[in-house]
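K.L.:
Have a look at this one.
No value in this document is a laboratory result; all are computed from the given coordinates. This is a predicted model, so every value here is computed, not measured. Here the Cβ positions follow ideal geometry from the backbone for every residue, glycine too, while neighbour counts run over all protein chains shown.
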Amino acid sequence: MGRPDKSKAKKRGLRRLFSWKKLLGTFFVVCLLAMGALYVVYLMVPVPTANAEATMQSNIYKYADGKVLARTGKINREIVGLEKIPAEVQKAFVAAENKSFYKDNGVDIKGTTRAVWSTLTGKGKQGGSTITQQYVKNFYLSQDQTATRKLKEMVIAIKVDEQMNKSDILAGYMNTSYYGRSAYGIQAAARAYYGVDATKLTTAQGAYLASLLQAPNQYDWSSASPTGRKLVEERWNYVLDNMVEEGWLAAADRTAMKFPVPQKPKPAPGMEGQTGYIVEAANQELMRQGVSEEDIKAGGWTITLNIDEKKQKDLVKAVDRQLEAKLDRKGDKKDATVQAGATSVDPKTGAVVAMYGGIGATEHWTSNATRRDYQPASTFKPLVLAAAIENGSVTQDGRKIGLGTIYDGDSRREVVGSDIPFAPENEDDDSYGPVTVQKATNSSINSVYAQMIVDVGEAETKKTALALGMKDGPDFGESPAMSLGTMGASTLDMAGVYATLDNHGKKVTPTLVKAAERRDRVVTPAKGIGEQVIGREAADTVTKAMQGVVRSGSGFRAAGDYEAAGKTGTSENNRSAWFVGYTPELVTAVGLFGEDAKGNQVTLTNTINEGRANGGRTPAQIWGDYTTSALGGGSDASFDLETDSSTPVEPDPEPTRTTEAPEETTQAPTTTAPATTPPPTTTATTPPEPTADPTTTPPEPTDEPTATEEPSPPPSIEPPDAGGPDPEGQASTRPSR
């Protein structure tokens with residue numbers, strides 16, 4: 001006899017151990033145990049009372065000293081019965097979230113199992129809930145998507161489906177859901193997005209509100225990105241197509257429907273004046289720190305701000321005195337187009353101590369302090385100079401760029417060394433001839449800074465600007481025109497950039513929130529002071545240059561009993577006018593913006609004053625008024641500057657007229673220089689000698705600007721080549737280019 005085959009015997013043993021009968025039996029036992037466990041869970045899990053989010057708390061916003069600024073969080077919700085909601089709107093919600101709603105028993109086993117498995121295996125949090133489950137989550141449970149919470153949701157949903165009819169569940173779901181814009185429930189959402197009661201919603205509008213529930217913040221049309229708008233429109237079409245598929249909407253009616261663009265958002269009651277702007281800016285900052293909008297709206301937060309109550313009042317009073325008191329908003333349509341915004345920052349801490357968002361949050365909801373849709377114009381020029389000093393840049397003929405470097409200041413002078421033709425026009429088309437960088441900064445000479453950015457390099461300039469705190473975007477192109485501030489920026493952005501210069505090149509990030517805490521959570525505020533982003537010499541040299549702007553240049557109206565540095569800016573077509581400046585203790589950016597009733601950008605010309613409303617006038621006056629009050633009348637603090645004194649600096653210019661210091665307007669590029677004048681060289685070959693010792697500090701002014709309507713800048717010394725200051729504020733008769 002042969003020896004037994006051990007491998008065959010082993011296989012027979014395995015088959016006896018794992019026979020199909022044993023496996024099938026084991027499967028049934030496991031199923032029975034699982035069913036038994038689920039039944040036990042079903043018996044043990046009761047339908048709870050309403051959760052905390054269903055009875056939400058207020059948020060408390062405080063000034064830096066602890067005094068209450070505002071209380072928010074009274075739920076913007078009005079419960080309405082299903083009979084007040086059009087049937088087609090009801091069906092839109094069912095089509096969006098749960099087509100089987102009227103047939104299921106409250107759960108979607110397949111979808112819920114998939115969601116639980118994804119959560120357990122770390123593949124991400126997924127939905128898969130029915131309308132009943134979402135109602136249970138909104139009203140009884142938390143928003144956390146854990147396996148335990150999902151299991152409870154499913155069990156409670158089955159019980160709720162047994163205890164309540166479908167109409168009550170649907171009404172509860174529509175009334176408890178969050179739609180964005182602080183709107184909880186269909187009634188609040190109808191008013192927030194379309195200004196009507198829920199009973200008057202159209203099918204198209206109902207489909208949009210149903211679509212919002214998937215991503216309220218991302219899908220809000222007024223603030224959505226292009227991607228967000230595309231996604232919500234696709235979601236809207238999906239809802240309507242489902243309605244047709246289910247026989248709830250006629251195909252012909254669906255074809256005729258157009259996307260119902262919602263109205264612009266309006267603030268919640270109690271957010272009048274500057275409070276609404278400040279609260280919204282604080283909420284946005286918290287969201288950047290990782291707190292969701294839904295979590296903020298859930299309430300219970302105590303949020304302490306860096307806002308100084310006295311400085312805040314000083315800023316509002318300065319705008320009222322220097323702007324609002326001179327406008328007739330109700331009787332003059334042109335006056336009504338003037339919008340003001342401002343942000344004030346402590347350069348040593350980054351604290352936002354004051355903010356002005358507009359005439360009032362309940363009248364003009366868009367905050368003029370944080371909006372980025374207007375150009376900062378020539379307030380960008382100091383960043384070009386900072387990049388030049390930081391990079392040790394040289395002119396086209398190899399001379400190191402500093403405050404004493406001579407450039408050609410002729411208007412419409414085509415830049416040399418760029419592949420992109422650019423020949424910007426100076427303010428009033430004035431030509432200055434050979435001028436120093438200091439003089440070009442004082443008078444904001446476009447042709448000089450256009451050439452300088454080419455000498456530095458547009459890419460290097462942008463890199464420096466971003467390091468200082470500018471925000472990148474599609475309008476931040478690398479071209480010579482960038483020197484004139486053609487990108488978008490907010491007063492909050494510009495205050496941060498200039499604060500970094502004031503802080504000797506150490507990064508300052510404006511921070512509004514000082515502390516935020518809730519019973520179950522504490523948020524670490526953003527750091528106001530960061531690392532060194534440009535060298536101290538570069539930052540301090542720019543400060544020195546901008547001291548000349550305030551002392552005897554286009555920003556002389558900002559002068560006061562304090563040391564100050566700053567820059568004016570007036571954008572193309574006079575749509576915005578800026579003054580951004582600082583003392584050793586305080587940085588403030590002030591902007592005026594032209595905006596009509598439809599939200600379109602319009603000119604500021606012939607509004608607050610006859611002619612151009614430029615940065616050296618009202619913005620500088622607001623800045624000076626506020627700074628004087630905020631510093632208690634003045635300050636003895638001085639700038640501690642470390643600059644390269646090896647290059648001569650042009651003394652302050654001496655006025656040749658008794659009018660005003662020059663002001664600039666950013667002009668769009670002209671593609672070629674005038675045909676009758678050949679492109680000049682980069683600089684003058686033999687610059688005249690200044691009449692005062694260029695290595696010494698220019699003499700201080702002998703008197704301050706008068707309080708008359710047309711004050712003159714304080715007298716000082718000027719070399720014969722520089723040319724006297726030209727009047728500002730004269731309306732241009734040329735078409736804008």
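K.L.:
Kindly put ARG329, ARG77 in sequence by how many other C-beta atoms sit within 10 Å of each C-beta, fewest to most.
P.N.:
Arranged by neighbour count, lowest to highest, ARG329, ARG77 become ARG329, ARG77.
K.L.:
Tell me, in nm to one decimal, what length is gained between GLU642 and THR302 on full extension, where the rule is 0.36 nm per residue of separation less the Cα-Cα distance?
P.N.:
The GLU642-THR302 span can extend by a further 118.2 nm.
K.L.:
Based on the Cβ-Cβ distance of ARG399 and GLU478, what FRET efficiency does E = 1/(1 + (r/R0)^6) give at R0 = 22 Å, to the nearest 0.05?
P.N.:
That pair, ARG399 with GLU478, gives E of 0.40.
K.L.:
Rounded, prolate or oblate: pick one for segment 496-606, where a ≥ b ≥ c are the square roots of the eigenvalues of its C-alpha gyration tensor, a/c under 1.5 means rounded, and failing that, prolate if a/b is larger than b/c, else oblate. It would help to have the intermediate numbers written out before the result.
P.N.:
On the way: a/c = 2.43, a/b = 1.20, b/c = 2.03.
It is oblate, given that a/c is not under 1.5 and a/b is not larger than b/c.
K.L.:
With a Förster radius of 25 Å, plug the Cβ-Cβ distance of ASP241 and SER292 into 1/(1 + (r/R0)^6) and report the FRET value to the nearest 0.05.
P.N.:
Efficiency, rounded to the nearest 0.05: 0.25.
K.L.:
If we sort 85-96, 189-200 on the protection proxy, mean other Cβ atoms within 10 Å, highest first, what's the order?
P.N.:
Peptide ranking by packing, descending: 85-96, 189-200.
K.L.:
In nm, to one decimal, how far is the modelled label at ALA597 from the one at ILE79, with both set 7 Å along Cα→Cβ?
P.N.:
4.1
K.L.:
Ok, one more. Can you compute the label reach from ASP328? Point 7 Å from Cα along the Cβ direction, backbone N cut-off under 16 Å, restricted to segment 609-644.
P.N.:
609-610
K.L.:
Can you classify segment 429-494 as rounded, prolate or oblate using the Cα gyration tensor, where a ≥ b ≥ c are the square roots of its eigenvalues, rounded means a/c under 1.5, and otherwise it's prolate if a/b beats b/c and oblate if not?
P.N.:
Note, shape of segment 429-494 comes out prolate.
K.L.:
If packing is taken as the average number of other Cβ atoms within 10 Å across a peptide's residues, how do 291-298, 362-369 rank, most packed first?
P.N.:
362-369, 291-298
K.L.:
I've got another one for you. Of the listed pairs LYS84/LYS333; LYS166/LYS264; LYS258/LYS598; LYS230/LYS381, which have alpha-carbon separations greater than 31 Å here?
P.N.:
Violating the 31 Å Cα-Cα cut-off are LYS84/LYS333; LYS166/LYS264; LYS230/LYS381.
K.L.:
Continuing with the same structure: Please give me the summed charge of the neighbours of GLN601: other residues whose Cβ is under 10 Å from its Cβ, Lys and Arg +1, Asp and Glu -1.
P.N.:
Around GLN601, the charge tally is -2.
K.L.:
Looking at segment 542-625, which chymotrypsin sites (Phe, Trp or Tyr not before Pro) are in a loop (DSSP not H, G, I, E or B) and have at most 11 other Cβ atoms within 10 Å?
P.N.:
Counting only loop positions with at most 11 other Cβ atoms within 10 Å, none of the chymotrypsin sites (Phe, Trp or Tyr not before Pro) in segment 542-625 qualifies.
K.L.:
For the pair ASN165 and ASP373, what calculated FRET efficiency results from E = 1/(1 + (r/R0)^6), where r is the Cβ-Cβ distance and R0 = 45 Å, to the nearest 0.05? Don't jump to the answer; show the numbers that get you there.
P.N.:
Working: r = 50 Å, r/R0 = 1.10.
Working from the Cβ atoms, E equals 0.35.
K.L.:
Additional query: Sort segment 226-350 into rounded, prolate or oblate with this rule: let a ≥ b ≥ c be the square roots of the eigenvalues of the Cα gyration tensor; rounded if a/c is under 1.5, and if a/c is not under 1.5, prolate when a/b is larger than b/c, oblate otherwise.
P.N.:
In terms of gyration-tensor shape, oblate.
K.L.:
Distance from a point 7 Å along Cα→Cβ of LEU466 to each backbone N in segment 517-542: keep the residues under 20 Å and list them by number.
P.N.:
Of the residues in segment 517-542, 530-535 have backbone N under 20 Å from the label point off LEU466.
K.L.:
Pop out the ³J(HN,Hα) list for segment 77-88 in order, Karplus 6.51 cos²θ - 1.76 cosθ + 1.60 with θ = phi - 60°, rounded to Hz; leave Gly and Pro as x.
P.N.:
Values, residue by residue: 9, 9, 5, 10, x, 4, 5, 8, 9, x, 4, 5 Hz.
K.L.:
For a quick protection proxy, order the peptides 247-256, 398-407, 502-511 by their average other-Cβ count within 10 Å, most packed first.
P.N.:
Top of the packing list down: 502-511, 398-407, 247-256.
K.L.:
In nm, to one decimal, how far is the modelled label at TYR102 from the one at ASP320, with both set 7 Å along Cα→Cβ?
P.N.:
6.0
K.L.:
If you average the alpha carbon positions of segment 404-446 and of segment 200-230, how far apart do those two centres end up, in angstrom?
P.N.:
Spelled out, the Cα-based centre of one part sits 49 Å from the other.
K.L.:
Moving on to the next point. For VAL196 and SER225, compute 0.36 nm times the residue count separating them, minus their Cα-Cα distance, and round to one decimal in nm.
P.N.:
That pair, VAL196 and SER225, stretches by 7.9 nm at full extension.
K.L.:
Amide H to amide H, which residues 5 or more places from TYR432 or on other chains are under 5 Å from it, using H placed in the peptide plane?
P.N.:
GLY409, ASP410, SER411
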